[in-house]
Amino acid sequence: MISGLRLAVTLLTVVPLGTAHVDRGTARAAMLLAPAVGLITGGAAALVLQAGDLLGLSRPLAAALAVAVAAAMTRALHLDGLADLADGLGSGRPAADALTIMKRSDIGPFGVVTLVLTLLIQVAAVASAPHPAVAVLVAAVAGRLALLWACRAGVPSARPGGLGALVAGTVATRAALLATGVVLAAAAATGTAADGPGGAVHTAAAVIVSLAAALLVLRHAVRRLGGVTGDVLGALVEITTTAALTVLAAVPR
């Protein structure tokens, strides 16, 4: 588990912990611990928002800085995966050709538009959320929870090598369900602390809705590409995070 935690932090953040031994067992542990790593990126974004309040920054400016820091904490790798997946799926090509497009270093029009709209939605959602710091924390954890479902048993890798092949099929469905229950409980507790019982329902709903969105995209990606890749995993993090922030920005009436 220690090696798995080090691998999870190294893969999902800029923190250079590293691990000497990487195999399927370590990859499984890393994916199981992925939601906890969201506390690092979400925590960094939350600190920026708190600092923005102390400095008297406007909400949109503080939100933009928080989103920028969250991206920097991941080397923008998840955003890169989102752009690559958008280009691959948007091309309408067969699986092999789409995977080739996704491996290119450049970004096409589908990727550019997807990145711009995603970042705009994230900034607007954080700025609009009743409790921005809570929103970025919950959304960051939910985003990494999607990785467990993408790496569950029965979901193949689209390529014989790479990150997708290392982690694909490593997580038992039962473990994914258990982790989801833990994240839901933690999100509800955070929502309760911020806004009472209504806050608990709000944060739990954000996790459920965002995970559902991720599963829909995952199903489409697997059908089109034949499995998951590192780009698919990164894209799912961003899609889930964005969906969770959107739900958290919606004020229940």
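The values are calculated or read from the model by the stated rules, or taken from the named source; none is laboratory data. Fair warning: this is a prediction, and the values are worked out from it, not measured in the lab. No Cβ is skipped: glycine too gets one built from the backbone with ideal geometry, and neighbour counts run over all protein chains shown. Heads up: the accessible areas ignore ligands, DNA and RNA and are worked out on the full protein's heavy atoms, side chains in. Shrake-Rupley method; radii C 1.70, N 1.55, O 1.52, S 1.80 Å.
Taking the stretch 131-183 as the range and being under 20 Å from Asp231 (Cβ atoms), part of a helix (DSSP H, G or I) and open to solvent by 40 Å² or more (accessible area, probe 1.4 Å) as the test, the residues that pass are Leu163, Leu166. Within the stretch 116-127, restricting attention to residues that are open to solvent by less than 70 Å² (accessible area, probe 1.4 Å) and in contact with a helix residue (DSSP H, G or I) (Cβ under 7 Å, 6 or more places away or on another chain), the residue that is farthest from Leu89 (Cα to Cα) is Ala127. Among the residues of the stretch 87-98, the ones that are of a type in the set (A, V, I, L, M) and open to solvent by less than 20 Å² (accessible area, probe 1.4 Å) come to 1 in all. A single member of Thr74, Thr41 is closer than 26 Å to Val183 by Cβ and not in a helix (DSSP H, G or I), and it is Thr74. For the stretch 36-64, filtering for residues that are more than 24 Å from Ser210 (Cα to Cα) and open to solvent by less than 50 Å² (accessible area, probe 1.4 Å) leaves 2. Taken over the stretch 99-115, residues that are closer than 20 Å to Val237 by Cβ and open to solvent by less than 80 Å² (accessible area, probe 1.4 Å) amount to 7. Only one of the numbered conditions (1) free of Cβ contacts under 8 Å to residues at least 60 places away in the same chain; (2) assigned to a helix (DSSP H, G or I); (3) more than 22 Å from Gly161 (Cβ to Cβ) is not met by Thr100, and that is (3). The set of residues in the stretch 184-200 that are exposed (fewer than 14 other Cβ atoms within 10 Å of the Cβ) and of a type in the set (A, V, I, L, M, F, W, C) comprises Ala185, Ala193. The single condition from (1) part of a helix (DSSP H, G or I); (2) at pLDDT below 95 that Thr114 fails is (2). Contact map, the stretch 204-233: first residue farther than 20 Å from Thr114 by Cβ and open to solvent by less than 10 Å² (accessible area, probe 1.4 Å), second residue modelled with pLDDT under 95 and in a helix (DSSP H, G or I), Cβ cut-off under 8 Å, separation 6 or more or different chains; pairs are Gly227/Gly164. Here Gly199 fulfils each of the conditions (1) in a helix (DSSP H, G or I); (2) within 22 Å of Gly25 (Cα to Cα); (3) at pLDDT below 95; (4) not β-branched (Val, Ile, Thr) apart from (2). For the stretch 1-16, residues that are open to solvent by less than 50 Å² (accessible area, probe 1.4 Å) and not hydrophobic (A, V, I, L, M, F, W, C) total 4. With the condition kept exactly as written, say whether any residue in the stretch 18-35 is out of contact with any helix residue (DSSP H, G or I) (no Cβ under 7 Å at 6 or more places or on another chain), farther than 21 Å from Gly143 by Cα, of a type in the set (D, E, K, R) and open to solvent by less than 60 Å² (accessible area, probe 1.4 Å). The answer is yes, given that some residue of the stretch 18-35 is out of contact with any helix residue (DSSP H, G or I) (no Cβ under 7 Å at 6 or more places or on another chain), farther than 21 Å from Gly143 by Cα, of a type in the set (D, E, K, R) and open to solvent by less than 60 Å² (accessible area, probe 1.4 Å).
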